[in-house]
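To keep things clear, I will list the structure first and then write my remarks on it.
Read-outs throughout are calculated quantities, based only on the coordinates presented, and are distinct from any laboratory measurement. Small disclaimer: the values here were computed from a predicted structure and weren't measured. Positions of Cβ are backbone-derived with ideal geometry, glycine not excepted, and every protein chain shown enters the neighbour counts.
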Amino acid sequence: MKRFCWPGALLLAYQRGLKQYLETYLSDARGALTRMRAEVDYVPHLRGVKWNSATANPSDVQLGTKSNWASVYSNHKEVLCAKLITNG
């Protein structure tokens, strides 16, 4: 297995606060079943680069365009990731 990112290369940025839901389901003879569900939305960010476009909701093509990103590192060795593949 090849390693492209080292520990500390990514930050998790939370896009929205914690969302909590109460869900009630009707069951057979036992009555109702209530459960609590929680969701959190986050996105991984690579240290050393920042989004450099006014687009608030970018497409996959815009995210993959080099000119939409700006470097914020002083030395290229500060970027600890060579390749990032996500399933987003």
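State whether the range 18-78 is rounded, prolate or oblate according to the following rule on the C-alpha gyration tensor (a ≥ b ≥ c being the square roots of its eigenvalues): a/c under 1.5 gives rounded; otherwise a/b larger than b/c gives prolate, and the remaining case gives oblate. Since a/c reaches 1.5 and a/b is larger than b/c, the shape of the range 18-78 is classed as prolate. Charged side chains reduced to their Cβ positions (Lys and Arg at +1, Asp and Glu at -1) give the range 18-78 a dipole of some 220 debye around its Cα centre. Give me the net charge of residue 39's neighbourhood, meaning all other residues with Cβ under 11 Å from the Cβ of residue 39; Lys, Arg count +1, Asp, Glu -1. Residues near residue 39 contribute +2 overall.
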